[in-house]
1. Please compute the modelled spin-label separation between residue 53 and residue 38, points set 7 Å along Cα→Cβ, answer in nm with one decimal.
2. Taking square-rooted eigenvalues a ≥ b ≥ c of the alpha carbon gyration tensor, is segment 97-172 rounded, prolate or oblate, where a/c under 1.5 means rounded and, failing that, a/b exceeding b/c means prolate?
3. Using label points projected 7 Å from each Cα along Cα→Cβ, tell me how many nm separate residue 73 and residue 26, to one decimal.
4. At a 10 angstrom cut-off on C-beta neighbours, averaged per residue, how do the peptides 138-149, 71-82 rank from highest to lowest?
5. Considering the Cα trace of segment 247-296, what is its radius of gyration and what is Dmax, both in angstroms?
6. Sort the following peptides by mean Cβ neighbour count (other Cβ atoms within 10 Å, averaged over residues), highest first: 163-172, 102-111, 29-38.
7. Tell me, rounded to the nearest percent, the portion of alpha carbon pairs in segment 153-211 spaced more than 19 Å apart.
8. When only Cα pairs under 8 Å and 6 or more residues apart are kept, what is the percent relative contact order across segment 58-175?
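Bear in mind that the values in this text are calculations on the coordinates, not laboratory data. All figures in this text were calculated on a predicted structure; none of them were measured in a lab. Using ideal geometry, Cβ is built from the backbone for each residue, glycine included, and neighbour counts are taken over all protein chains shown.
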């Protein structure tokens, strides 16, 4: 008597090969751009005893991001400042990659998680993570992603506090974007954010000798020249900010007003900063992941039912090179520099 045995279907090529394509995209991106580190000098200054910590006025906004310096004080008891800096940067990147992959596995499953990574490569986020190494952005996003993976209020409170200590302004804005998109405000998140704000005020007004200049004051000290300069070229800044990911955004944008409000808010805040692409990318991450929840299943279905997935080789060339456009507007002064270079070329006999 023959007994029928259920056999698990073979893993679809989409799930088996997509991670190779993601790795190739990342390698191509690194060959085009490499990596860039920042704020190492300020990191060493912040390791000094509290009574001796003095940053120059143009860098005092870093006092509003004490998380990395706090971890540095702990690690520097075992390692040199250079090794502490390198270790914390590497730990932040590894933590963000692992938490984000776990989030993709939970939302999309094993086969489609790598499709989410592939679509993410078309956004400015790879540039944000790899061109500003030394910022606390990786810890900020890791804490926010961990909040999405748990429902325990105590953990929400602790992670929200960590977010505020990583970057007070960006943390509060990311939490606001999350509330706007999910239409849900968790009490633990609110308590943790308020606790982080309280700790930050204690650090500024009690631990430090004098309250430092904040980010808003720094951005507006020169008659709003930074935001006015960005807004004067806002079509180019907006078009380049998301690069080829705008195709995904247009295809899977949620009907209604919420997406438009989120994008306008991200644009307005990023326009007040020198790091336009970085700030825009960080603030829009809740919106990007919300889009991926609708875009990844559609992309997986197209891959299974047609030969369209073979165009992934084209995406391998497009996605990393598309970041060249983002690179031109990484800082708000870059467009002015391009104009000056074009003028110099025009005047050359």
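1. 2.0
2. It comes out oblate by the Cα gyration axes.
3. Output for this residue pair reads 3.3 nm.
4. The most tightly packed comes first, giving 138-149, 71-82.
5. In Å, with Rg to one decimal and Dmax whole: 11.2, 32.
6. Packing order, densest peptide first, comes out as 163-172, 102-111, 29-38.
7. Details: 494 of 1711 pairs.
Tail of P(r) above 19 Å: 29 percent of Cα pairs.
8. For segment 58-175, the relative contact order is 34 percent.
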